[in-house]
1. Does segment 1-130 come out rounded, prolate or oblate by the C-alpha gyration tensor, with a ≥ b ≥ c the root eigenvalues, rounded set by a/c under 1.5 and, if not, prolate when a/b is larger than b/c and oblate if not?
2. Nearest 10 degrees, 0 to 90: what angle lies between the long axis of helix 299-323 and the longest principal axis of the chain (Cα atoms)?
3. Would you mind classifying segment 9-73 by shape? Square roots of the alpha carbon gyration tensor eigenvalues, ordered a ≥ b ≥ c; an a/c under 1.5 is rounded, otherwise it is prolate if a/b is larger than b/c and oblate if not.
4. About its Cα centre, how strong a charge dipole does the chain have in debye, to the nearest 20, once Lys and Arg get +1 and Asp and Glu get -1 at the Cβ?
5. Based on Cβ point charges of +1 for Lys and Arg and -1 for Asp and Glu, what charge dipole magnitude is obtained for segment 93-184 about its Cα centre, in debye rounded to the nearest 20?
6. What aspartates and glutamates sit close enough to residue 105 to cross-link, taking a C-alpha to C-alpha distance under 18 Å and skipping anything fewer than 8 places away on the same chain?
7. Keeping the other protein chains in place, figure out the carbon and sulfur percent of the accessible area of the chain, with a 1.4 Å probe.
8. Roughly what angle does helix 242-256 make with the longest principal axis of the chain, taking Cα atoms, 0 to 90 degrees, to the nearest 10?
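The values are calculated or read from the model by the stated rules, or taken from the named source; none is laboratory data. Bear in mind that the values here come from a model prediction, so they are computed numbers and not experimental data. Here the Cβ positions follow ideal geometry from the backbone for every residue, glycine too, while neighbour counts run over all protein chains shown. Just so you know, the surface numbers come from the protein's heavy atoms only, side chains and all, with ligands and any DNA or RNA stripped out. Shrake-Rupley method; radii C 1.70, N 1.55, O 1.52, S 1.80 Å.
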Amino acid sequence: MVASLKKNWKTFFVTGFFLLLTLLLLTFPKESLAYSFTGLQLWFNRMIPTLLPFMILSAMMIRLNLTGQFVRALSPFLCPIFSIGPNGIYAIIVGFLCGFPMGAKVVADLLVHNKISEEEAEFLLSFCNNIGPIYFISFVLPTLNLTKKMPYLLGMYGIPLFYGVFLRYTIYKNTIGIPRTAHPFIKHKALLLAAEKNKNIPFLDALDDSVMSGLYSIAKLGGYMVLFNLLNLIPQVFMSGEKIARSSLPFFNCLLEITSGISRIGDTAPLIVLLFLPFGGFSCLAQTYSMIKDTGLSLKTYTIHKLILTGLTAMYYGIWKLFSPSSFLL
């Protein structure tokens, strides 16, 4: 009976939420169009040119077994630190360099093609799916009017890197195994067939699979960006009072979709943005789920790690302000 009540409550809540959103769309068509168009612009102008080429190239390297050669220069240094193989190092490098949700996609691709074990995939996902450094340096820091780069780069990328090392020698010390030939968590038959393909896959087949995989993934991300930008309509409508709206809307904007939220905040609340960046907002969370949903990797575990990283980032900036208040947020 309790389970039935819980299911009914959940159905009622979800139905009510979408009825409310539909009502707002009809009541505020101009604002709805503006939010949707913002999401579509961000997807077309930022995500497609920056992420799609990396998605295609990364998928090709995984299918053609070129990841080891790609990280050969860094493997002698990073493999002993993280105590994992070249495929795992490849996921770390791409995850840190290419930004949300490429880290999740690469981890999922490696897992599906049996390049890493599910334990290693869970470990990698806990810290290597981050905001990209090009995005951070060229968009975030100028928008927040922050001139110093190194302290913020350390906070954005040093913390998850050290967190990954910490996890490897604590929680994941004895759990990471070798990839299995038949992965129990892969749900769809198409993915199982992909995992069992011959290692010597023809180049043109790898290219065709990679292009289709990239287009499918980027199209889903566009849908998420439009939807979560549109959800900004809810706090805008229900927050009464100019003072409340001015102080609270930036918080909800960043929580829902980080890029549009940063654009709306500008340099008025840099600390809020810096604390939201490790988490990425609900849109990044949904995008990550879309990358890992067929692999058995836990979104709940991923979210917990993201919240821990947000807490560690808050501690980092708190310590900085305590010991060097004159240089804080400059």
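1. Numbers: a/c = 3.51, a/b = 1.72, b/c = 2.05.
Oblate, because a/c is 1.5 or more while a/b does not exceed b/c.
2. Rounded to the nearest ten degrees, it is 70.
3. Working: a/c = 5.87, a/b = 2.19, b/c = 2.68.
Here segment 9-73 falls in the oblate category.
4. Working: 26 positive and 14 negative charges, 81 e Å.
Rounded to the nearest 20 debye, it is 380 debye.
5. Numbers: 7 positive and 5 negative charges, 55 e Å.
Here segment 93-184 has a charge dipole of around 260 debye.
6. Once the sequence-local aspartates and glutamates are set aside, what remains near residue 105 is 118, 119, 120, 122, 208, 209, 294.
7. Numbers: 11950 of 16850 Å².
That fraction is 71 percent.
8. 10 degrees
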